[in-house]
1. So, in the stretch 42-66, of the ones that are in contact (Cβ under 8 Å) with a residue 24 or more places away in the chain and touching a Lys or Arg at 6+ places or on another chain (Cβ under 8 Å), which residue ends up most open to solvent (accessible area, probe 1.4 Å)?
2. Looking only at the stretch 86-95, how many residues end up being closer than 21 Å to MET1 by Cβ and without any contact (Cβ under 8 Å) to a residue 60 or more places away in the chain?
3. Within the stretch 79-106, take every residue that is small (Gly, Ala, Ser) and not in a helix (DSSP H, G or I) and give me the one that is farthest from GLU130 (Cα to Cα).
4. State whether one or more residues within the stretch 249-268 are out of contact with any Ser or Thr (no Cβ under 8 Å at 6 or more places or on another chain), at pLDDT below 95 and part of a helix (DSSP H, G or I).
5. Determine which single condition TRP65 fails, assuming it passes every other condition in (1) more than 29 Å from GLU115 (Cβ to Cβ); (2) assigned to a loop (DSSP other than H, G, I, E, B).
6. Scanning for something acidic (Asp, Glu) and surrounded by 15 or more Cβ atoms within 10 Å (Cβ to Cβ), does the stretch 12-32 turn up at least one residue?
7. Looking at GLU70, is it charged (D, E, K, R), in contact with a Leu (Cβ under 8 Å, 6 or more places away or on another chain) and either over 30 Å from LEU288 (Cα atoms) or in a helix (DSSP H, G or I) (or both)?
8. Just give me the residues in the stretch 271-288 being outside any loop (DSSP other than H, G, I, E, B) and aliphatic (A, V, I, L, M), in sequence order.
Amino acid sequence: MNHLFLIGAPKGGTTSLAAALERHVAVSVARGKEPRHFTDFAERRWAGPGARAFRADIVAGRAAWEALFEPGAAWRVDASTDMLHNAAAPERVARFAEEQPGCTVVAAVLRDPVERAVSEYRHTLRDGLERETLAHALDLEAERRAAGWQPLFRHAERSRYAEALARWRAVGEVLVLDYHRLDEARGALFAAMGLEPPEGAALPHANRGRVPRVGALNRLLRAAPLRRAVRRVVPAGPRGAVRRLLESATTGAWQPAPADLARLRALLADDIARCARDGDVPTAHWHLARGG
């Protein structure tokens, strides 16, 4: 049994890549995509918006993790993006790899760190989790972390790659890929796995960021009772079309202010410089990080 760990970065295209990999008959992606099994998240107490759902998605037991994959697949893919910055994950994955007779590949997909942070903040707006401005969310980041808020609110922290990569490289090799060249990243992953990519399948683009025009309406549409009611009255076939229609009518684009971008660049300046000196980190398309 062979394993690929897509360890991040969050908002770095791992959902699209996992979907592309799963089209291959030899590949099984973990159900739910991000079980976070190799983090220490199951040992922590979580608070803040979305904490209950976040905690419920953590797969703690090895048997439960094994059950997430289709039996008989030559390659298993765990795309838990929280692993990149979790200090416990590198050693845990390394021990797991030593126990396995097959091949283990660890890959990180890195995105312009300023663009990544903006995308993650937009995600919190989309899901109705955030009510603060980006500037205030950055001010609150350390306080929220200390209070046990889930990692989705750590925009600056999770845009720092250098130290996280160093922890992973201390225990093994890491294939570093470029979010801004996802088709090339897909090819590199299939090559690392020794597989031929399926023909005629365009890379899907998942998790595109749109945000609610009215926060209260967004929270209502995402409420569990309404979702259950929709499932009862709308057949499974057209359900996706109904969802897309509602999203189109109730969401729109959100763009950061120039001051927000400048603040992120200042917060991340030292890490951006370290990554630029790292020959394996693809920074050629980090235009926002460089002030473009």
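The values are calculated or read from the model by the stated rules, or taken from the named source; none is laboratory data. As the structure is a computational prediction, the values presented were derived from the model and not from experiment. Neighbour counts are summed over all protein chains in view; Cβ atoms, including those assigned to glycine, are modelled from backbone coordinates with ideal geometry. The accessibility values were calculated without ligands, DNA or RNA, using every heavy atom of the protein model including side chains. Shrake-Rupley method; radii C 1.70, N 1.55, O 1.52, S 1.80 Å.
1. ASP57
2. Taking the stretch 86-95 and keeping what is closer than 21 Å to MET1 by Cβ, we get 89-95.
Within this subset, residues satisfying the condition of being without any contact (Cβ under 8 Å) to a residue 60 or more places away in the chain are 92, 95.
Result for the stretch 86-95: 2.
3. In the first step, residues of the stretch 79-106 are kept if they are small (Gly, Ala, Ser); the result is 79-80, 87-89, 94, 97, 102.
From the residues that got through so far, the ones that are not in a helix (DSSP H, G or I) too are 79-80, 87-88, 102.
Working: ALA79: 25, SER80: 22, ALA87: 26, ALA88: 28, GLY102: 42 Å.
Ranking the qualifying residues of the stretch 79-106, first place goes to GLY102.
4. Yes - at least one qualifying residue is present in the stretch 249-268.
5. (2)
6. So the first thing to find is which residues in the stretch 12-32 are acidic (Asp, Glu), and the list is 22.
Now narrow it down to the ones that are surrounded by 15 or more Cβ atoms within 10 Å (Cβ to Cβ): 22.
Taking every residue of the stretch 12-32 in turn, at least one turns out to be acidic (Asp, Glu) and surrounded by 15 or more Cβ atoms within 10 Å (Cβ to Cβ).
7. Details: charged (D, E, K, R): yes; in contact with a Leu (Cβ under 8 Å, 6 or more places away or on another chain): no; either over 30 Å from LEU288 (Cα atoms) or in a helix (DSSP H, G or I) (or both): yes.
Considered against the rule, which asks whether it is charged (D, E, K, R), in contact with a Leu (Cβ under 8 Å, 6 or more places away or on another chain) and either over 30 Å from LEU288 (Cα atoms) or in a helix (DSSP H, G or I) (or both), GLU70 comes out as no.
8. Of the residues in the stretch 271-288, the ones outside any loop (DSSP other than H, G, I, E, B) are 271-277.
Those that are outside any loop (DSSP other than H, G, I, E, B) and aliphatic (A, V, I, L, M): ILE272, ALA273, ALA276.
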